[in-house]
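Have a look at the structure below before the remarks.
The values are calculated or read from the model by the stated rules, or taken from the named source; none is laboratory data. This structure is a prediction, so every number in the text was calculated from the model and none was measured. Cβ sites come from the backbone with ideal geometry, for glycine too, and all protein chains shown count toward neighbours.
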Amino acid sequence: MKKTTQQKPAKTGRGKKNIVIIGAQWGDEGKAKMVDVLTEQVDIVARYQGGSNAGHTVVTGGKKFVFHQIPSGILHTGKKCVIGNGVVLDPVALLGEMESLVKAGVRVRDRLIISDRAHLLMPYHRLLDGASEIRKGSGKIGTTNRGIGPAYMDKMARVGLKVIDFYEPSYFRQKVREVVKEKNFWLKNYYGQKTVNADQVVDQYLKLAPKIKPLVADTTQYLEKKLSSGENILAEGAQGTLLDVDFGTYPYVTSSSASVGGVSTGLGIGPQWLDEIYGVAKAYTTRVGEGPFPSEMDEVFSEKIRHRGGEYGATTGRPRRCGWIDLVALKYACRINGFTGILLTKVDVLSYLKTIKLCVAYKVNGKRVNEFPAGLQQLSRCKPVYKEMKGWDGDLTKASKLSDLPAEARRYLDEMERSIGVPLSWISVGPDRSQIFQNH
Ligand code: IMP
């Protein structure tokens, strides 16, 4: 058979693997640090879903960077970064992020490529996100208030505007006017909020359009060309599998595909390109926003872990809810994504605890449940079944190999690995780029 450009060159021939990084829990697993570390092995880093709801923190040389839309790989000079079509792009926030990176001495302009197919996050999306949360009251989702849900709603409802539409100003104006009519109806009559002026929105946005124009391209073509010529990519996911719109704890989820399927739809590359699919998981569990969380700790313990682990949202500053590792949920994430390895973070945070718990199953009305349930009601009824293990003392932040960890910590990791059946490929023991080691 004739080889087409669509076919993946043999992995073994080049030895350059394409890598996917996916959150294996409810987000905030430490993906950005893993992206930062693994960027050294790739040529291009590409974001494929989400938007400015993400808060990806990288600490390097004592300096802290928080990325919302720009791939965390931007800190590596010489690597290209792509914002894929699956991202909802907030141009105001993007330009702000670019500016602060430039101020910090990071070259951005000739290294960032933005998909012409990405949907634009408009000012009315933010207003609708906030208004909808207020209206829901105690039943709110607990969103990041960045307009993400309403932007994806418009995309699916086929009334969204894409980056490419920026460059057809009269079409852009006409579409915004049409859409704003409906948005204002909802804002005023259903939510009782202030309305927006379509022409002001258009004027504001069309002023931004030229600033990002040099970065805009057909990223599907760009990636295909690069992959075919032997360059490799790292696909950087945002949020996590349990926040995925299909597989997460719906409706307490984000509005995009945060699991592996999102890579192909969000970058326009076939799944045959994906080699290593890494799930990033914390050694315990956290979540921000509302929704069921079977292995959630009591507030006293939660506060202890929150304090030690600095568990506050990187985008909203909200305190994260903390819980024990949930192996039912983690196994589910491994199955949904086909993880080839787990990158385990924040093991150091669990030091100095007498006992460590692992949620190994759930119980519903006295019956043991081993599978992560599909429905919110079912999950809300799940009570955790814990296996307890002896904790360990000592500062783990200087460990550079598995044998540097106390025996109890190694036993904890062994138990986790045995239970999920996926290797713990990397172990992270602190926030800095250097505080990590490869395990398998
Ligand atoms: P949205 O993505 O802003 O619509 O928020 C929906 C849910 O996803 C809320 O529970 C948020 O707290 C959660 N979420 C969104 N982005 C992140 C993230 O980057 N880390 C953790 N949770 C997130």
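Among the residues of segment 350-377, which ones are aromatic (Phe, Trp, Tyr) and within 27 Å of Lys390 (Cβ to Cβ)?
Taking segment 350-377 first, the residues aromatic (Phe, Trp, Tyr) are 352, 362, 372.
Correct list: Tyr352, Tyr362.
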* Structure fact -> The condition of being polar (S, T, N, Q) and under 17 Å from Ser255 (Cβ atoms) holds, among Ser132, Ser72, only for Ser132
* Structure fact -> Those residues of segment 34-70 that are of a type in the set (D, E, K, R) and within 14 Å of the ligand (Cβ to nearest atom) come to a total of 1
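Could you run through segment 49-72 and say how many residues are within 15 Å of Ser434 (Cβ to Cβ) and under 12 Å from the mean Cα position of the chain (by Cα)? It would help to see each step written out before you state the result.
Taking segment 49-72 first, the residues within 15 Å of Ser434 (Cβ to Cβ) are 58-64.
Retained after the next criterion (residues that are under 12 Å from the mean Cα position of the chain (by Cα)): none.
Qualifying residue count, segment 49-72: 0.
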* Structure fact -> Filtering helices (runs of 4 or more DSSP H) wholly in segment 100-201 for at least 2 residues that are within 16 Å of the ligand (Cβ to nearest atom) and surrounded by 13 or more Cβ atoms within 10 Å (Cβ to Cβ) gives 123-136, 148-156
* Asked: If you go through segment 232-255, how many residues are more than 8 Å from the ligand (Cβ to nearest atom) and either within 14 Å of Gly27 (Cα to Cα) or part of a helix (DSSP H, G or I) (or both)?
  -> 9
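Before we move on, is Ser138 in the same structural domain as Lys162 (by TED's automatic domain parsing) and hydroxyl-bearing (Ser, Thr, Tyr)? Working first, answer last.
Working: in the same structural domain as Lys162 (by TED's automatic domain parsing): yes; hydroxyl-bearing (Ser, Thr, Tyr): yes.
Judged against the criteria, Ser138 is a match.
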* Asked: Just one of the numbered conditions (1) free of Cβ contacts under 8 Å to residues at least 12 places away in the same chain; (2) over 26 Å from Leu234 (Cα atoms) is not true of Asp110; which one?
  -> (2)
* Looking only at helices (runs of 4 or more DSSP H) that fall completely inside segment 298-417, which ones have 2 or more residues that are without any contact (Cβ under 8 Å) to a residue 12 or more places away in the chain? -> 299-309
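Go over the candidates Lys80, Lys33, Lys17 one by one and state the one that is in contact with a strand residue (DSSP E or B) (Cβ under 7 Å, 6 or more places away or on another chain), basic (Lys, Arg) and within 20 Å of Ala217 (Cβ to Cβ).
Details: Lys33 fails: within 20 Å of Ala217 (Cβ to Cβ); Lys17 fails: within 20 Å of Ala217 (Cβ to Cβ).
On inspection, the qualifying residue turns out to be Lys80.
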* To do: Only residues that are touching a residue at least 40 places away in the same chain (Cβ under 8 Å) and under 18 Å from Gly86 (Cβ atoms): list them for segment 192-225, please.
  => Ile212, Leu215, Val216, Ala217, Asp218, Thr219, Thr220, Tyr222, Leu223, Glu224
* **Selection from segment 280-297 of residues that are more than 14 Å from the ligand (Cβ to nearest atom) and either in contact with a helix residue (DSSP H, G or I) (Cβ under 6 Å, 6 or more places away or on another chain) or in contact (Cβ under 8 Å) with a residue 40 or more places away in the chain (or both)** => Ala283, Tyr284, Pro294, Ser295
